[in-house]
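Working notes for the structure below.
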Amino acid sequence: IENGDPKVFKEKIGSKHIIAGFFPIELLRSGTKKECTEKAGELIDILAPGGKYIFSWNKTPMGLGDAKPENISAVTKFVRERGVY
């Protein structure tokens with residue numbers, strides 16, 4: 001899911017469908033590692049309870065300038081540690 005309020009999607013379809021997406025690729029490009037991991041934590045807190053959530057970006061990075069490698073690495077590590085449920 002590219003855009004929208006994750007809380008609304010979780011409430012409306014979270015019990016019947018698997019939800020993926022919501023992490024803004026723009027933050028991977030322009031944010032700090034801390035901002036990126038905080039956003040990942042926010043999404044996990046909202047969407048992971050009860051299951052049926054796959055963490056992913058809201059869009060696919062198409063080139064090297066679309067995301068900072070250090071942010072991708074930080075978020076990936078964070079999700080591996082915190083995204084277990």
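The values are calculated or read from the model by the stated rules, or taken from the named source; none is laboratory data. Since this is a predicted model, take the numbers as computed values, not measurements. Cβ atoms come from the backbone with ideal geometry, glycine included; neighbour counts cover every protein chain shown.
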Taking residue 70, is it modelled with pLDDT of 95 or more, within 15 Å of residue 25 (Cα to Cα) and exposed (fewer than 13 other Cβ atoms within 10 Å of the Cβ)? yes
Please specify each residue of the stretch 20-42 satisfying the condition of being buried (at least 20 other Cβ atoms within 10 Å of the Cβ), modelled with pLDDT of 95 or more and not in a helix (DSSP H, G or I). 22, 23
If you scan the stretch 1-19, which residues turn out to be without any contact (Cβ under 8 Å) to a residue 24 or more places away in the chain and either of a type in the set (Val, Ile, Thr) or closer than 20 Å to residue 84 by Cα (or both)? 8, 13
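Being surrounded by fewer than 17 Cβ atoms within 10 Å (Cβ to Cβ) and in contact with a helix residue (DSSP H, G or I) (Cβ under 8 Å, 6 or more places away or on another chain) is the filter here; which residues of the stretch 73-82 pass it?
Initial filter on the stretch 73-82 (surrounded by fewer than 17 Cβ atoms within 10 Å (Cβ to Cβ)): 73, 76-77, 80-82.
Within the stretch 73-82, 82 is the sole residue that qualifies.
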Within the stretch 20-33, restricting attention to residues that are without any contact (Cβ under 8 Å) to a residue 40 or more places away in the chain and within 11 Å of the chain's Cα centre (by Cα), which residue is farthest from residue 3 (Cα to Cα)? 20
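To keep it simple, each residue is scored yes or no on (1) touching a helix residue (DSSP H, G or I) at 6+ places or on another chain (Cβ under 7 Å); (2) within 25 Å of residue 8 (Cα to Cα).
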position	(1), (2)
28	yes, yes
33	yes, no
42	no, yes
49	no, yes
